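Below you'll find the structure, written out as structure tokens, and then a few comments.
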Amino acid sequence: MMRAGFSAISVAAIIWVAPAMAATSEQVAVEAAMLDSAAGWNEGDVDRFMSVYSDGPETSFVTKDGLLRGKAAMTVRYKTHYAFDDAAKRGVLTFTTLDFRLLDPTHALYIGQYLLTYGDGRTQTGPTSLVFAKEAGGWKIIADHSG
């Protein structure tokens, strides 16, 4: 009887822990995509920076000026607002994860803090809330609200 009770508890513990392990592997994949995107920024490669975004026309980016839809429009905005060809003006981008939630097997919420550090010591920081979708090419941002 004691063994049966122990086995039932063991199985229950494995079932309870398994979803957390799956969420952890998804978080690692999303954070790797964010690191690669930041590396693109830091190298002045806007296409690599934008590779984390879905190509879908419904991909959205909320800015202080309103809502943008589509990766192409977002890329134009980044090229217009940031000097990708000038490292001093572009700064070095890093992200810190504040929260990660797997919403379902193919969607996740990433909440983080971005930090731009410039050579003269200035910094710019703000929150970012990103909804990711698991696509054939990996985890891609489908909604971005950064401030």
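The values are calculated or read from the model by the stated rules, or taken from the named source; none is laboratory data. Predicted, not measured: the structure shown is a model, and the values here were computed from it. Positions of Cβ are generated from backbone atoms using ideal geometry, with glycine treated the same way; all protein chains shown enter the neighbour counts.
Return yes when R3 is of a type in the set (K, R), modelled with pLDDT of 95 or more and not in a strand (DSSP E or B) and no when it is not. Explain how you work it out, then say what you get.
Details: of a type in the set (K, R): yes; modelled with pLDDT of 95 or more: no; not in a strand (DSSP E or B): yes.
The answer is no for R3.
Check whether at least one residue in the stretch 47-60 is surrounded by fewer than 18 Cβ atoms within 10 Å (Cβ to Cβ) and aliphatic (A, V, I, L, M), and report yes or no.
Looking through the stretch 47-60, none of the residues is surrounded by fewer than 18 Cβ atoms within 10 Å (Cβ to Cβ) and aliphatic (A, V, I, L, M).
For the subset of the stretch 79-113 comprising residues that are aromatic (F, W, Y) and within 25 Å of A136 (Cα to Cα), which member is surrounded by the fewest Cβ atoms within 10 Å (Cβ to Cβ)? Before the answer, list the steps.
The initial filter retains those residues of the stretch 79-113 that are aromatic (F, W, Y), namely 82, 84, 95, 100, 110.
Still in the running and within 25 Å of A136 (Cα to Cα): 95, 100, 110.
Values: F95: 17, F100: 19, Y110: 23.
That would be F95.
Determine, yes or no, whether A108 is of a type outside the set (K, R) and touching a residue at least 24 places away in the same chain (Cβ under 8 Å).
yes
Within the stretch 95-118, can you find the residues that are within 10 Å of F132 (Cα to Cα) and out of contact with any helix residue (DSSP H, G or I) (no Cβ under 9 Å at 6 or more places or on another chain)?
L103, T106, H107, L109
Just name the residue that is nearest to the chain's Cα centre (by Cα) out of those in the stretch 114-129 that are in contact (Cβ under 8 Å) with a residue 24 or more places away in the chain and surrounded by 14 or more Cβ atoms within 10 Å (Cβ to Cβ).
So the residue we want is T128.
Output the residue which, of all residues in the stretch 6-30 that are within 28 Å of Y114 (Cβ to Cβ) and of a type in the set (S, T, N, Q), is modelled with the highest pLDDT.
Only one residue tops the list, namely Q27.
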